[in-house]
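One structure is given below, encoded as structure tokens.
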Amino acid sequence: MKKFAVIGNPIKHSLSPIIHQNFAKQFKIKLEYQKILATDDNFKKIVTDFFKNGGVGLNITVPFKFIAFNLCDILSDRANMAGSVNTLYLDKNNKICGDNTDGAGLVNDLEQNLNYKIKNKKILIYGAGGATAGIIYPILQNLPKNIDITNRTIKKAYDMAERFNKFGNIQAISIDKLNNNCYDLIINATSTGLSGETLPLTSGIIHNTTLCYDLAYSKKPTNFMLWADKNGANKTTDGKGMLKEQAAISFYIWHHKKPI
Ligand code: ATR
């Protein structure tokens, strides 16, 4: 049986094994998909042993996406853009290849599942960490009108805008300048979706057609989603759709089959 796994810390609550087993059923593929808890010290050995022992594909989750990036022999363009990887596999010369399917997963969830077209939209991304770096390039490839990026630590937003501004219309904006700038799509890419902390946001950025998307997900709506609902957003969603879509792209990379 072909072997797959997801590596992270924590890892207990990962939905990746269930998602991949469901995809596999669609094609009557039998596979093993484990969850592996790693530490900074043993991550590299776990990856190399996994492939040495015949493993076919790995998903990488928090906090190892950057270490995994540095461990790859070959990187896809979108992994290079993101500076992190969530999908590993070996090529025919046993080189470790890395891809990042997170941003493409978000775009597929928006465009296909939610029928929300990015083209010409005014977008605000809140957060300037690893999650943000993974989504900007794939969003810009779909030609939004512009992306504004804001962050608690504003310097990181400026650095991020500078890193990507050769690929499209993106600029940093400080939180206190947001005021009544209305956006079509607001993405919460901070880690507050999981921590339960609230963001200092003004209701002026929402109008009645705004989609508010939290990259995080949990059983209950996140604080950002509750705030957006209360302030008149047209629709709010968490990151479960993105999770499924990034997994579908990883599945395609490994099996050359597109699950639904
Ligand atoms: P990830 O990989 O999830 O993006 P990260 O790289 O550590 O994690 O980035 C976390 C992001 O959430 C950052 O933008 C961080 O803001 P700072 O750069 O100012 O630290 C943001 N964040 C975390 N907690 C926050 C809070 N309480 N309020 C606002 N932003 C927060």
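The values are calculated or read from the model by the stated rules, or taken from the named source; none is laboratory data. This one's a predicted model, so the numbers in the text were calculated from it and none came from an experiment. Using ideal geometry, Cβ is built from the backbone for each residue, glycine included, and neighbour counts are taken over all protein chains shown. Quick note on the areas: whole protein, heavy atoms, side chains included, nothing else; ligands and nucleic acids left out. Shrake-Rupley method; radii C 1.70, N 1.55, O 1.52, S 1.80 Å.
Details
- Converting the Cα gyration tensor eigenvalues of region 1-138 into ellipsoid dimensions via √(5λ) gives semi-axes, longest first, of 26, 19, 14 Å.
- FRET efficiency, Thr202 to Lys117 (Cβ-Cβ, R0 22 Å, nearest 0.05): 0.25
- 1.4 Å probe accessible area per residue over the chain, in Å²: 50 Å²
- Taken over the chain, the alpha-carbon convex hull comes to 123 cubic angstrom per residue.
- Computed in the context of the full set of protein chains, the accessible area of region 16-63 at 1.4 Å probe radius has 55% of its extent on carbon or sulfur.
- Solvent-accessible ranking of Lys117, Lys30, largest area first, probe 1.4 Å: Lys30, Lys117
- Excluding same-chain neighbours fewer than eight residues apart, the lysines reachable from Lys258 by a Cα-Cα span under 23 Å are Lys2, Lys3, Lys25, Lys28, Lys30, Lys35, Lys92, Lys117, Lys240, Lys244.
- Using 0.36 nm per residue and subtracting the Cα-Cα separation, the extra length available between Ile46 and Asn165 on full extension is 39.2 nm.
- For region 104-160: rounded, prolate or oblate by the Cα gyration tensor [a/c cutoff 1.5]: prolate
- Beta bridges per DSSP, both residues in the chain: antiparallel share near 20 percent.
- Applying the criteria of a DSSP loop state and at most 12 other Cβ atoms within 10 Å to the trypsin sites (Lys or Arg not before Pro) of region 64-98 yields Lys92, Lys95.
- The share of accessible area on region 121-211 that comes from carbon and sulfur is 49 percent, using a 1.4 angstrom probe.
- Ranking Arg163, Arg152 from most to least accessible surface, computed with a 1.4 Å probe over the protein chains only, gives Arg152, Arg163.
- The 1.4 Å probe gives accessible areas that order Val85, Val56, largest first, as Val56, Val85.
- Set of lysines near Lys177 by C-alpha distance (under 25 Å), chain-local residues within fewer than 8 positions excluded: Lys119, Lys121, Lys122, Lys145, Lys155, Lys156, Lys166, Lys230, Lys235
- Sites Ile175 and Asn234, calculated FRET efficiency, Cβ-Cβ separation with R0 30 Å, nearest 0.05: 0.85
- Which of Met225, Gln141, Leu201, positive extreme of dipole for region 103-248 (C-beta unit charges): Gln141
- D_trans [Stokes-Einstein, Kirkwood Rh over alpha-carbon pairs] for region 16-56, 37 °C, 0.692 mPa s, µm² s⁻¹: 280 µm²/s
- When region 120-201 is reduced to its Cα atoms, the Kirkwood hydrodynamic radius in Å: 12.6 Å
- Relative contact order %, the chain, counting alpha carbon pairs below 8 Å whose residues are six or more apart: 15 percent
- For region 169-218, the relative contact order works out to 48 percent when only alpha carbon pairs closer than 8 Å and six or more residues apart are counted.
- Using a probe of 1.4 Å, the accessible surface attributed to His256 totals some 140 Å² when neighbouring protein chains are kept in position.
- Nearest-0.05 FRET efficiency for Asn70 and Thr209, computed from C-beta distance (R0 41 Å): 0.45
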